[in-house]
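Asks: Sharing a structure with you now.
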Amino acid sequence: MDPLGSLNIMMLTSQRRVCPDSIISRNTSRDPQGRNLSAALTVENIANLHQNLKYTSEHTQERNLTTVLIVGRKPYSCDQCGKSFAASVSLTLHQRTHTGEKPYSCGQCGKSFTTSGSLTRHQRRHTGEKPYSCGQCGKSFTTSGYLTLHQRTHTGEKPYSCGQCGKSFTTSDLTVHQRTHTGEKPYSCDQCGKSFITSSHLTRHQRVHTGEKPFHCSDCGKRFSTSQILKMHQKTHTGEKSYSCDQCGKSFTQSSSLISHCKLHTGEKPFICDQCGKRFINSSNLTVHKRKHTGDKPFSCNQCGKSFITSSYLTIHQRRHTGEKLHHCSDCGKSFSTSHTLKMHQKSHTGEKSYSCDQCGKSFTQSSSLKSHHKLHTGEKPFSCDQCGKRFMSGSLTVHQRTHTGEKPYSCDQCGKSFTTSSYLTIHQRRHTGEKPYSCVQCGKRYSDKSYLIKHQKIHT
């Protein structure tokens with residue numbers, strides 16, 4: 001008979017010589033319903049709990065037990081944050097989140113990891129190896145965990161439930177979800193101090209500081225900071241828009257965009273700013289809006305130091321340094337740094353002006369221009385300069401403030417002359433290129449600036 005047998009162990013005291021029979025007799029407990037809770041722990045069970053059971057001889061009844069095993073307890077605590085763990089190895093891995101230690105490096109790209117398992121999974125991105133296959137649909141995965149998650153899409157299983165709101169999950173994302181109730185954000189950026197509820201969110205955030213963009217498009221070579229943004233970008237090549245509005249038929253590349261769009265039909269704006277009461281259709285828009293109150297600009301340019309309230313504004317700004325213009329007009333071939341600017345330009349070819357003033361009938365190519373125009377009727381000037389008190393209808397305040405600071409952030413890469421706005425820079429650059437995009441429909445004369453064309457047209461009238 002195996003001297004270990006099926007030991008009913010609730011506590012094994014460190015460095016004591018204990019007889020198994022005495023352990024059996026002393027360590028039986030029951031739950032409130034009277035059920036026997038004593039766990040029959042084999043050597044395999046103990047190994048799974050990451051405990052070490054050492055004994056002096058296979059032929060004696062006494063054993064020298066060197067590890068404290070307290071069932072249901074977490075005896076290993078982090079001295080920095082106080083978090084507790086059931087095993088010392090788990091504590092060691094956790095402490096690396098504080099120290100930043102990543103001892104396992106990829107030989108192909110040099111990326112480092114805190115565990116060897118994470119390195120192995122990463123290396124499969126280079127090799128393309130997907131050793132775990134679904135028996136129902138044949139889809140393959142790089143890890144057994146991803147396979148398990150995928151299989152739940154077939155079974156519909158959601159084994160993890162929140163004790164506070166009852167929401168169920170297919171993965172252990174329950175822990176992350178519970179942090180939305182507690183407000184816990186255990187992962188902090190060592191550069192700016194911002195905290196996050198998951199380590200993956202922290203990793204993505206840190207790329208804002210480092211500029212790292214590890215995901216690249218195989219079609220155009222453009223690089224991205226997350227795989228999700230890459231997938232969204234790739235749909236611009238394929239034209240795929242899988243999510244359609246059942247009210248107006250408009251299609252979108254992602255479900256979140258469709259959800260936000262549907263709120264335009266219902267008028268629903270469930271997210272409210274606690275400072276000014278303004279309402280928004282999604283939480284991300286509210287988060288960006290709140291930065292206007294706090295002045296928080298967490299995204300900084302690593303070339304000039306200028307900061308922005310969103311990562312997309314930073315990306316657009318960085319193109320001024322690189323000169324990158326990815327969006328091309330199919331009618332005239334002109335290139336633009338953003339898709340929004342391209343869409344605005346294309347309306348100059350079609351003459352489309354979708355936004356009309358209900359008071360005077362004047363039409364505009366974009367809704368923001370219509371909003372600014374409305375203020376001419378109301379006389380509203382909500383933006384005031386804190387230096388001279390002058391008031392403005394819109395974001396013209398930012399440009400005005402540069403008259404006080406002398407800031408001219410837009411520079412010509414040919415002669416070095418600087419300007420307070422990007423539009424002034426664009427007009428100036430036409431002196432170098434000779435471009436004259438504005439032509440008179442009556443006599444054909446061309447101008448580099450729209451204001452010059454308007455003055456000229458008065459000759460004909």
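The values are calculated or read from the model by the stated rules, or taken from the named source; none is laboratory data. Because the structure is a prediction, the values reported are computed rather than measured. Note that we place each Cβ from the backbone using ideal geometry, even for glycine, and neighbour counts take in every protein chain shown.
Asks: May I ask you to say which residue of Leu342, Leu314 is outside the structural domain of Phe364 (by the TED database), touching a Ser or Thr at 6+ places or on another chain (Cβ under 9 Å), buried (at least 16 other Cβ atoms within 10 Å of the Cβ) and among the aliphatic types (A, V, I, L, M)?
Replies: Of the residues listed, the single one that is outside the structural domain of Phe364 (by the TED database), touching a Ser or Thr at 6+ places or on another chain (Cβ under 9 Å), buried (at least 16 other Cβ atoms within 10 Å of the Cβ) and among the aliphatic types (A, V, I, L, M) is Leu314.
Asks: Can you go through Cys262, Cys276, Cys245 and tell me which one is in contact with a strand residue (DSSP E or B) (Cβ under 8 Å, 6 or more places away or on another chain) and either farther than 27 Å from Pro382 by Cα or at pLDDT 85 or above (or both)?
Replies: Cys245
Asks: Still on this structure: Where the second residue is loosely packed, with under 12 Cβ neighbours inside 10 Å and the first is part of a helix (DSSP H, G or I) and lies in the stretch 149-168, which pairs have Cβ atoms under 7 Å and are six or more apart or on separate chains?
Replies: His154/Gln136
Asks: Does Cys192 satisfy the criteria of being in contact with a His (Cβ under 7 Å, 6 or more places away or on another chain) and modelled with pLDDT of 85 or more?
Replies: The answer is no for Cys192.
Asks: Can I ask one more? Tell me, which residue of the stretch 169-189 that is small (Gly, Ala, Ser) and modelled with pLDDT of 85 or more is surrounded by the most Cβ atoms within 10 Å (Cβ to Cβ)?
Replies: Per the criteria, the residue is Ser188.
Asks: Here is a follow-up. Just the residues that are in a loop (DSSP other than H, G, I, E, B) and at pLDDT below 90, please, taken from the stretch 70-80.
Replies: Val71, Gly72, Arg73, Lys74, Pro75, Gln80, listed by residue number.
Asks: Tell me which residues, restricted to the stretch 434-460, are outside any loop (DSSP other than H, G, I, E, B) and either under 25 Å from Ser335 (Cβ atoms) or in contact with a Ser or Thr (Cβ under 7 Å, 6 or more places away or on another chain) (or both).
Replies: Keep residues of the stretch 434-460 that are outside any loop (DSSP other than H, G, I, E, B), which gives 438-439, 446-447, 450-460.
Within the stretch 434-460, Tyr438, Ser439, Arg446, Tyr447, Lys450, Ser451, Tyr452, Leu453 qualify.
Asks: Related question: Could you tell me whether the stretch 345-367 includes any residue that is in contact with an Asp or Glu (Cβ under 8 Å, 6 or more places away or on another chain) and among the β-branched types (Val, Ile, Thr)?
Replies: yes
Asks: Hey, among the residues in the stretch 368-389 that are assigned to a helix (DSSP H, G or I) and more than 37 Å from the chain's Cα centre (by Cα), which one's surrounded by the most Cβ atoms within 10 Å (Cβ to Cβ)?
Replies: Only one residue tops the list, namely Leu376.
Asks: Hey, another quick one. For the stretch 203-226, which residues satisfy the criterion of being of a type in the set (Ser, Thr, Tyr) and surrounded by 12 or more Cβ atoms within 10 Å (Cβ to Cβ)?
Replies: Correct list: Thr203, Ser225, Thr226.
Asks: Looking at the stretch 411-433 only, could you name the residues that are touching a strand residue (DSSP E or B) at 6+ places or on another chain (Cβ under 6 Å), modelled with pLDDT of 85 or more and either assigned to a loop (DSSP other than H, G, I, E, B) or not hydrophobic (A, V, I, L, M, F, W, C) (or both)?
Replies: Answer for the stretch 411-433, where residues must be touching a strand residue (DSSP E or B) at 6+ places or on another chain (Cβ under 6 Å), modelled with pLDDT of 85 or more and either assigned to a loop (DSSP other than H, G, I, E, B) or not hydrophobic (A, V, I, L, M, F, W, C) (or both): Ser411, Ser418.
Asks: Next question, about the same structure. Quick test of your reading of the structure: Arg207 fulfils all but one of (1) among the basic types (Lys, Arg); (2) within 13 Å of the chain's Cα centre (by Cα); (3) farther than 22 Å from Gln318 by Cα. Name the failing condition by number.
Replies: Of (1) among the basic types (Lys, Arg); (2) within 13 Å of the chain's Cα centre (by Cα); (3) farther than 22 Å from Gln318 by Cα, only one is false for Arg207: (3).
Asks: Pick out, from the stretch 202-315, the helices (runs of 4 or more DSSP H) lying fully within it that include 3 or more residues that are within 30 Å of Gly110 (Cβ to Cβ).
Replies: It comes to 227-238.
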